[in-house]
Amino acid sequence: MASARPKRPVTELPGDPGRLHLHYGHGHPAVPYDYEDTLESWYVAITYGTAGDEEWEDEEGGDSRAPAAGTEIGHLILWRLRDYTGGNRWEVADAESGDLEVIVSAVLGRAGRTGYSAAFEKAVTHPVGDLLILDRVSLDTAWRGFGLGPVLAAEAIRRLSGGCCAVAAFPAMGEYPKDREQATETYRRQAKKKIAALWESIGFQPFRRGVWVLDTALCQPEELMLVRRAELHALGAAFRRSGLSESGPADVTAVAEDDAKASARPRTI
């Protein structure tokens, strides 16, 4: 099983990862129109601390690299595809984006594209109810390479997947090298493999057509989330031991993790 441990040394962290906060946002009209009753969008802002967190600011010791309290350093985008609304779920996903259409086409059946496919019903323990889609995980460059993407995604999934039979994602290249000629087919395959391994570390399994699925009825995703939490706790403790929050860098050894120098769909660290 892949780990989400960091590749970059702790001394390169711009701040204490234990201070990261997730803020959930979803808005809708009182009377839904078009397909808003079938497809819900969730924007999860990732901030460094919270605005007005002066007490913690003082404890930071004035480290000039640390973002101001409340600064957004990344975000996640998830979609909840609701069942039993009378809407055609394939049509609403296709109307929103090609990325969602790819995922929904893989999990829905052919007959009207309203029920789940036989393959999905075989892959998921209880294939009844809504589907949560992890569309994007994005972190500022300074925060990438520390294994934060998977643990933040796992925390968001835990809070938004209630009533969902599964979570789906489509790991793929989202950013390319500045020199596009470096993005050969071999480069893309290797990057995609590394990105997929990160999502495997929180319970996703390959399904079909490049789509990965997390079965919410299993114990494994929760167990893996607890492992990722422990890794985040250890990373924060290592950062604090390094003295970065007080007097600057110290000699801290990092543990290794494969990290694609690209974001992905879900766009990641």
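Every number here is computed from the coordinates shown, using simple stated rules; none is lab data. Because the structure is a prediction, the values reported are computed rather than measured. Here the Cβ positions follow ideal geometry from the backbone for every residue, glycine too, while neighbour counts run over all protein chains shown.
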What is region 189-249 by shape, rounded, prolate or oblate, if you read a ≥ b ≥ c off the alpha carbon gyration tensor as root eigenvalues and call it rounded for a/c under 1.5, prolate for a/b larger than b/c, and oblate otherwise? oblate
Relative to the present Cα-Cα distance, how much length would full extension add between Lys193 and His21 at 0.36 nm per residue of separation? 59.1 nm
If I stretch the segment between His28 and Ala142 completely, what's the gain in nm (0.36 nm per residue apart, minus their alpha carbon distance), one decimal? 37.7 nm
Could I have the simple spin-label model distance between Glu121 and Tyr43, label points 7 Å from Cα toward Cβ, reported in nm to one decimal? 3.8
Give me the one-decimal nm value for the distance between modelled label points at Thr184 and Thr71, 7 Å along each residue's Cα-to-Cβ direction. 3.8
Please sort 72-81, 189-198 by packing, taking for each peptide the average over its residues of neighbouring beta carbons within 10 angstrom, highest first. 72-81, 189-198
Spin-label zone in region 130-151 - amide nitrogen under 11 Å from a point set 7 Å from the Cα of Tyr84 along the C-beta vector: 130
